[in-house]
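Since the structure comes first, as structure tokens, the remarks are kept for the end.
The values are calculated or read from the model by the stated rules, or taken from the named source; none is laboratory data. This is a predicted model, so every value here is computed, not measured. Neighbour counts run over all protein chains shown; Cβ positions are idealised from the backbone, glycine included.
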Amino acid sequence: MKIWQKKAKIISNYKLADKYLRAVLHTAKIARIAAPGQFVMLKIDNSLTPLLRRPFSIHRVDGSKIEVLYEVVGEATEILSKRKAGGHIDVIGPLGNGFDCRAPHTGHRRRPILVAGGMGVAPLVFLAKNFKKVKGLVLIGAKTKKQILCEKEFQRLGFDVKIATDDGSLGFKGKVTGLLEKILLSAVSCQLSAVYACGPRPMLKEISRISNKYNIPAQISLEEHMACGIGACLGCVVNTKEGFKRVCKEGPVFWAEEILW
């Protein structure tokens, strides 16, 4: 697939909640070919700080625009949060391999279950648009209700949404993986479901266990630190049944059964 490096115009960069923002970037060529689960590398600022680009999942595509959802957690995202509409930002993308919605052992009749942990919602909104004609389920997990994102967006796409919070402030009290297993235990036919997940590594490891236990195909989007984003530096490798693979190149989406945890 073609990869582009473009100066994208910042259409907007606005706050959703406390430390969560959404940036809308005009970059028609990247938007036209992007697939759910892929990401972009952004040059946050023209100065030497931060020196390296940062990876961001493609959150949504709207015509000639792409959107990225991010949390202010360090210097780079703090600088990004201050970038204004009308400015430009250097973008490389789309990068990586996204979700495989048509794989033979997933099947068209399977009900998609999207599982997001925290900022793991970022790539799953884009994915949900691909399933808009299928009755699906979204599970969103976070530490507290103030960290739940994109619930209404999934609902507008026709998904049932269930929430899990560690402190019990909203929905199921506990981890989102506990909610997933509870739902699968009560499901009449688990074999007609397929899981698509993004979130912290411990969550994805548990989803791998659960999907194996219930014999459900599961695809997981791994979150790893990246220096280059194009497979050159080997800084984001993970161990798989076929040896080490690069999250930025062979991933970030893998079948859960591939990963050696």
*Sort through 22, 60 and tell me the only one that's under 25 Å from residue 147 (Cβ atoms), of a type in the set (Lys, Arg) and buried (at least 20 other Cβ atoms within 10 Å of the Cβ).*
60
*Look at residue 47 and say whether it is surrounded by 20 or more Cβ atoms within 10 Å (Cβ to Cβ) and small (Gly, Ala, Ser).*
no
*Specify the residue that is farthest from residue 125 (Cα to Cα); the eligible residues are those in segment 1-46 that are over 21 Å from the mean Cα position of the chain (by Cα) and of a type in the set (S, T, N, Q).*
46
*asked:* Anything in segment 141-167 that is of a type in the set (Ser, Thr, Tyr) and surrounded by fewer than 19 Cβ atoms within 10 Å (Cβ to Cβ)? List them, or say none.
replied: 144
*Residue that is nearest to residue 117 (Cα to Cα), among those in segment 55-73 that are part of a loop (DSSP other than H, G, I, E, B) and under 10 Å from the mean Cα position of the chain (by Cα)*: 59
*Identify all residues within segment 16-42 that are under 20 Å from residue 77 (Cα atoms), among the charged types (D, E, K, R) and modelled with pLDDT of 95 or more; write none if there are none.*
22
_For segment 201-222, give me the residue count where each residue is surrounded by fewer than 23 Cβ atoms within 10 Å (Cβ to Cβ) and in contact with a Cys (Cβ under 8 Å, 6 or more places away or on another chain)._
3
*Of the conditions (1) more than 20 Å from residue 116 (Cα to Cα); (2) touching a Pro at 6+ places or on another chain (Cβ under 9 Å), residue 186 clears all except one; give me its number.*
(2)
*State which residue is surrounded by the fewest Cβ atoms within 10 Å (Cβ to Cβ) when the search covers only segment 29-44 and only residues that are assigned to a helix (DSSP H, G or I) and among the hydrophobic types (A, V, I, L, M, F, W, C).*
33
*What are the pairs, 6+ residues apart or on separate chains, where a residue within segment 172-186 that is free of Cβ contacts under 8 Å to residues at least 24 places away in the same chain and surrounded by 17 or more Cβ atoms within 10 Å (Cβ to Cβ) has its Cβ under 7 Å from a residue that is aliphatic (A, V, I, L, M) and in a helix (DSSP H, G or I)?*
172/179
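Among the residues of segment 21-40, is any of a type in the set (Ser, Thr, Tyr) and without any contact (Cβ under 8 Å) to a residue 12 or more places away in the chain?
no
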*asked:* Can you tell me which of (1) free of Cβ contacts under 8 Å to residues at least 40 places away in the same chain; (2) not in a loop (DSSP other than H, G, I, E, B) is the one residue 11 doesn't meet?
replied: (1)
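Is segment 84-92 home to any residue that is without any contact (Cβ under 8 Å) to a residue 24 or more places away in the chain and outside the structural domain of residue 227 (by TED's automatic domain parsing)?
No, the conditions are met nowhere in segment 84-92.
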*Flag for residue 103 being outside any strand (DSSP E or B) and either modelled with pLDDT of 95 or more or farther than 22 Å from residue 246 by Cβ (or both)*: no
